[in-house]
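Where a number appears in this text, it was derived from the coordinates with a stated rule and is not lab data. It should be emphasised that the depicted structure is a prediction, and the values quoted were computed from it without experimental measurement. All Cβ positions, glycine included, derive from the backbone under ideal geometry; neighbour counts span all protein chains shown.
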Amino acid sequence: MRSTRSHWLDLSVAILVLGSLCPPVAIAQGLEPAEVASDLDALLATASGLPLPQQADDGVLLRRLYLDLAGRPPQVEELIEDLARDPGTRFDEVTDRLIASQEFAANLARYWRATILARPTEPRSAIAANSLEFYLTEAIENGMGWDAIARQLITAEGSVRDDGRTALIFAQSGKPEETVAEVSRIFLGIQIQCAQCHNHPTEPWTREQFHELAAFFPRVAARPVRGDGPIDFVVSVTDQASPRPQRSDNRFVGTTEHYMPDLDNPDAQGTLMTPTFFVNRQSLPLGILDEVRRNALADWVTEASNPWFSRALVNRMWAEWVGVGFYQSAVDDLGPSRGVVAEEALRRLADGFVASGHDLGWLAKTIMRTRAYRSVSQSPPASNPAHAVARSTARRLRSDQLFDQLQQVLGTTTDSQMGARDLGQPQRFNVNPRMQFATVFGFDPSLPVEEVNGSMTQVLMLMNGQQVQQALRSPQGAVARIHAAMPDHRALVERLYLHVLARFPTDAERATAVRYVAGHRNRMAATEDLAWALINSAEFIQRR
């Protein structure tokens, strides 16, 4: 089995030998985020046939940067300080500072935690939520490349509560078919599970290829471990076959190899499958140990010559940070027959990501420097696909972003109030306000932006929820402190707008709010009413 380094060498040699036969890639063109961003702007303008978009207002863009990178809006002091920076370097400096913070790692970790646990077959998958978030935060903060993170998730073993790397396998109950479907969907953007029972209806993947992929995982299982504390599970490996394999879920459990079920005769053992990766058609011999199987698969999934790995990641993060991905399908439904918009821009960004060492920080710095990211936001989606990709799109905040925004706005920072957690240690328990909040406001991050909708339960929770109401009226809360510090009505209104929406009110908003506060017999109650109205605005729950 060759190493990733060997594949890199092969790729470099191929580039030199083929010369003019191959288009230039980012390895030869440079990796400076500003340079790549400039190339992307030009390529997107060409693809869309439109000039470079107008840049969003400074306050809107700063709020966008903080929400996307730190998972929260800027505090008033941060906003004022950032607005005082040199306009020519302001947004680059803020971007780089936030990416260097733990908040960036924690925010991105929560995005991937939600993505990995969004479609479980294991009903108790939430047991792994905290350990997964802790692992991802630490990995991203330490600069681990996306390829290394993917490798560790694919090859993991150990306690689900203690080792977040096991979460992906545990969320699929350790079952080969479900596990490889998620490995393909998350890391390659390919829905190969559509080929589990028949050949893929729109892509070239066959049923045999799906089960050859499942043949990398027959020796892995997720088993419960009971002790004095909360129930735990262990992702473990057995390289010895069971004396009497048992049929379960239309397959035989307890075998060391994977068999493709016979749909005409479900009671039969089925066809023995050789571990083979459908992208490069490389395979391993039967009888090989689990450690070799999964390490080989991790190599082939993450190697530089596999275009789907880098494309899936940069397409997904472009959709998350800009609004609409390069593929017109969902961010986890790529394939040779799927329509691609601005493919040259996608290739440029994917090549740069590979050459950066799959550096998530580099990718964020690059995307945040594009005019597409910094543009005035549009309502999703634009009728012109190329236009949609080249402009920022407004979207609803993820549950964790909205939760952190509420914490900051209401001034609630303790577990008893809103459930802030210390990322310095992995939590052992999952029933906390943050997780409860996610049951109401959470959604699958892989969904297209236009498919993420609100609900009446969400509206009622923000309007009348006990935690929000108590924090809003708390004498120690942020709203009470702002009221006490701002005896002037105009200053009070402006401070509340800055605090809640990270912007100054318009003239009309200012006049209406000042008139309301001045005419109310209880100024504190009027202040709470105004804060409540801003929290329940559409702007508050959106990233514009």
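Here the alpha carbons of region 153-219 define both size measures, Rg and Dmax, at 12.5, 41 Å. Inter-label distance, V459 to S379: 1.7 nm, where each label sits 7 Å from its Cα along the C-beta direction. Estimated from the Cβ-Cβ distance and a Förster radius of 22 angstrom, the FRET efficiency linking E343 and E450 is about 0.50.
The alpha carbon radius of gyration of the chain, expressed as a multiple of 2.2 N^0.38 Å, is 1.05. May I ask you to derive the FRET efficiency for T512 and E208 from their Cβ-Cβ distance with R0 = 60 Å, giving the value to the nearest 0.05? The computed FRET efficiency comes out at 0.35.
Can you list which of the trypsin sites (Lys or Arg not before Pro) found in region 266-326 are DSSP loop residues with at most 15 other C-beta atoms within 10 Å?
Working: sites: R281, R293, R294, R311, R316; in loops: R281.
The qualifying sites are R281.
Estimated purely from DSSP H runs of n ≥ 4, each contributing -39500 (n - 2.57), the mean residue ellipticity at 222 nm for the chain is -15000 deg cm²/dmol once divided by its residues.
Once the Cβ-Cβ distance of H198 and A268 is raised to the sixth power relative to R0 = 25 Å, the FRET efficiency obtained is 0.90. Relative to the longest principal axis of the Cα atoms of the chain, the long axis of helix 33-48 lies at roughly 90 degrees. Pairs of C-alpha atoms in region 396-543 farther apart than 25 Å represent 33 percent of all such pairs.
In the chain, taking the dipole from charged Cβ atoms about the Cα centre, the farthest positive-side position among G287, A45, S379 is held by S379. What is the helix-to-structure angle for 58-70, meaning the angle in degrees between its Cα long axis and the longest Cα principal axis of the chain, kept from 0 to 90 and rounded to the nearest 10? Helix 58-70 sits roughly 40 degrees off the main axis of the chain. Relative to the dominant Cα principal axis of the chain, helix 523-535 is inclined by about 30°. Over 30 Å apart: what share of the alpha carbon pairs of region 117-302 falls there, rounded to a whole percent? Result for the distance tail: 17 percent. Straightening the chain between T121 and R85 buys 8.0 nm, computed as 0.36 nm per residue apart minus the Cα-Cα spacing. Shape annotation for region 348-387: C-alpha extents along the principal axes are 35, 17, 13 Å, from largest to smallest. Charge tally around F277: other residues with Cβ under 11 Å, Lys/Arg +1 each, Asp/Glu -1 each, net -1.
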